[in-house]
1. Within segment 38-65, track down each residue that is under 18 Å from N9 (Cα atoms) and basic (K, R).
2. List pairs: first in segment 15-41 and surrounded by 13 or more Cβ atoms within 10 Å (Cβ to Cβ), second of a type in the set (D, E, K, R) and not in a helix (DSSP H, G or I), Cβ under 9 Å, 6+ apart or cross-chain?
3. Could you please find all residues in segment 52-65 being among the basic types (K, R) and either more than 11 Å from F34 (Cβ to Cβ) or modelled with pLDDT of 95 or more (or both)?
4. Being among the hydrophobic types (A, V, I, L, M, F, W, C) and either surrounded by fewer than 18 Cβ atoms within 10 Å (Cβ to Cβ) or free of Cβ contacts under 8 Å to residues at least 40 places away in the same chain (or both) is the requirement here; does L49 meet it?
5. Among S21, S8, which is small (G, A, S) and in contact with a helix residue (DSSP H, G or I) (Cβ under 8 Å, 6 or more places away or on another chain)?
Amino acid sequence: MVNNVSTSNASELLLLADTHSDTQLKENAEDFIFQNEEEVFGSEEWERLIETNPQLVIKTMHLKYKKKRRCK
């Protein structure tokens, strides 16, 4: 599953990984999302995740912010 992450399923995989406490899948989904943020954040799937699971989106964006701050 990790090798099949795409912009169209990244949000779903993130939710699946979070729901099942699959740390490796979640980290891989997050990494993919951060590397492809324009496409993922602009997708219908991401918009759906915002509506259905805003807490997960907040956690993901917080992680993105923390990683960005570490790189400076």
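1. Listed by number, the list holds a single entry, R48.
2. L16/D22
3. K59, the sole residue that qualifies.
4. yes
5. S8
The values are calculated or read from the model by the stated rules, or taken from the named source; none is laboratory data. Not measured: the values here are computed from a predicted model. Heads up, the Cβs are rebuilt from the backbone with ideal geometry, glycines too, and the neighbour counts pull from every protein chain shown.
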